[in-house]
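Worksheet: the structure to be examined is printed underneath.
The values are calculated or read from the model by the stated rules, or taken from the named source; none is laboratory data. Bear in mind the structure is a predicted one, so any value in this text is a computation, not a measurement. Please note: Cβ atoms are built from the backbone with ideal geometry, for glycine as well, and neighbour counts cover all protein chains shown. Areas reflect the complete protein model, heavy atoms only, side chains present, ligands, DNA and RNA absent. Shrake-Rupley method; radii C 1.70, N 1.55, O 1.52, S 1.80 Å.
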Amino acid sequence: MACTYTELPKLGFGFMRLPEIEGADGEKTIDLDTLCGMVDTFMDAGFTYFDTARGYHGGRSEAALKATVVNRYPRASFQVATKLPAWLAKDADDARAMFDTSLEQTGAGYFDNFLLHNLGEERTKLFDDFGLWDFLAEKKAEGLIHNLGFSIHDKAAVLEEVLNAHPEVDFVQLQINYADWESETVESRKCYETARARNLPVVVMEPVKGGSLVKLPDAAADVLRNADADAPLASWALRFAASLPGVLTVLSGMSTPEQVEENVRTMRAFRPLANEERAALEHVRAILDGIPTVPCTDCRYCVKECPQGVRIPAALASLNILALYGDEHRAQENYDWNASDGPASSCIACGTCESVCPQHIGIVRELARAAELFEK
């Protein structure tokens, strides 16, 4: 199958990193006034795709989309995508109830794209255990979902397994950026090629690697500035992803009006990368590959053997974000999202992980470093 539309504007608005202000209770809340202006800039430039999820911003993102988009624009003028995270549910009934909650919170009436959220590792099994594939197929038959897909943060072989089990999906959402294109841990290229081998459209997430690709080391940034002094660093990342055949749209989790303005300037006049521009990005990737990092390949042998359930690859990935980009915010975000349920501080230094690591990493030492940096 394929999406019921073949052309979308190449920039999508991800409602994952929205502007925030401090509320009356001292807690941060979404700045709806600023967000309305950002949405208006986005829509006025001809872009129409909004991506949210049940769990974004502590469950507040969908309501923010209703307040700033759904309540302010004709429904036919934009597309809404949201996601169901089975791994946040207590049981099948709880998971299925999330669909109705999302309908209510967004006020969208129907979903142009609906996704099973963040497949991979042990999370994939929950969607089967809770019967969500059949449940969402019923919602699609009722017209409440126009296109059904899933997002996944895992390797190409796992993506292949899911697609073999569920060839009925209309699209997939993948982490694709030029830094991870040949990565042994993310496998951007391999995952993209796996989807395209089935002629599946792709929605791209993390094209700027959570913002890290605008915080390049000087040597890498200079390559791009020398190639085009007027091009913002983010524009290289967006254009790389959007230049790939079969990409429906490229999501950007924009947090400020300035980011929206910059990105719509880039994508409104979108042009695919030229050969010399691709060569510049390959040079940048080579520079990044030459920076010393923890040589984790995300094989997860260590995870299988860890008696404490420490999320070792996620912790090491945060260390590598710091090493490559100096991006403390993104490193912390990755740790909070992917390692908090198996924190580095729960390591008991038994060394079992090190005995099975093909890369012979001093994992115990690195986990101690991660705990010190990210568990404050």
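For ASN177, the amide hydrogen comes within under 5 Å of no other amide hydrogen, counting only partners 5 or more places away or on other chains and with H modelled in the peptide plane.
Distance between the C-alpha centres of segment 120-145 and segment 223-256: 33 Å, rounded to the whole angstrom.
Sequentially through segment 343-355, phi angles give Karplus couplings (6.51, -1.76, 1.60; θ = phi - 60°) of x, 4, 5, 7, 4, 9, 6, 6, x, 4, 4, 5, 6 Hz, Gly and Pro residues having no value and appearing as x. Applying both filters, DSSP loop and at most 15 other Cβ atoms within 10 Å, to the GluC sites (Glu not before Pro) of segment 1-108 gives GLU7, GLU27. Restricting segment 146-225 to trypsin sites (Lys or Arg not before Pro) that sit in a DSSP loop and have at most 16 other Cβ atoms within 10 Å of their own Cβ leaves ARG198.
Within the shell of other residues whose beta carbon sits under 11 angstrom from the beta carbon of GLU182, the net charge comes to -2, with Lys and Arg scored +1 and Asp and Glu -1. All distinct Cα pairs of the chain go into the 1/r average, and the inverse of that average, the Kirkwood radius, is 21.5 Å. Note on the chain: with neighbouring protein chains present and a 1.4 Å probe, carbon and sulfur make up 50 percent of its accessible heavy-atom surface.
Need one word for segment 20-146: rounded, prolate or oblate. Basis is the Cα gyration tensor (sqrt eigenvalues a ≥ b ≥ c); a/c below 1.5 gives rounded, then a/b vs b/c decides. In terms of gyration-tensor shape, oblate.
Size descriptors for segment 218-353: radius of gyration and Dmax over Cα atoms are 18.5, 55 Å.
Our coupling estimate for segment 13-19, obtained by passing each phi through the Karplus curve with A = 6.51, B = -1.76, C = 1.60 and θ = phi - 60°, is 9, x, 8, 10, 10, 7, x Hz, Gly and Pro reported as x.
Kindly point out which whole DSSP H helices in the chain project their C-alpha atoms 18 angstrom or further along the helix axis while averaging a Kyte-Doolittle hydropathy of -1.0 or above. Qualifying helices: 92-106, 275-289, 312-325.
Of all DSSP-defined beta bridges confined to the chain, some 10% are antiparallel rather than parallel. Seen from ASP129, the other residues with C-beta closer than 15 Å to its C-beta sum to a net charge of -3, counting Lys and Arg as +1 and Asp and Glu as -1. Taking Cβ atoms as reference points and 14 Å as the exclusive limit, the residues near ALA229 contribute a net charge of -3, counting Lys and Arg as +1 and Asp and Glu as -1.
Counting other Cβ atoms within 10 Å, which GluC sites (Glu not before Pro) in segment 129-198 have at most 12 and lie in a DSSP loop?
Qualifying residues, ordered by number: GLU142, GLU168.
Think of a 1.4 Å ball rolled over the protein heavy atoms: the chain then has 43 Å² of accessible area per residue.
What does the helix-only formula give at 222 nm for the chain: each DSSP H stretch with n ≥ 4 adding -39500 (n - 2.57), the total divided by the residues, and the result rounded to the nearest 500 deg cm²/dmol? The helix-only estimate for the chain comes to -13000 deg cm²/dmol at 222 nm. Does segment 213-280 come out rounded, prolate or oblate, given a ≥ b ≥ c as the square roots of the eigenvalues of its C-alpha gyration tensor, rounded meaning a/c under 1.5 and, failing that, prolate meaning a/b above b/c? Oblate.
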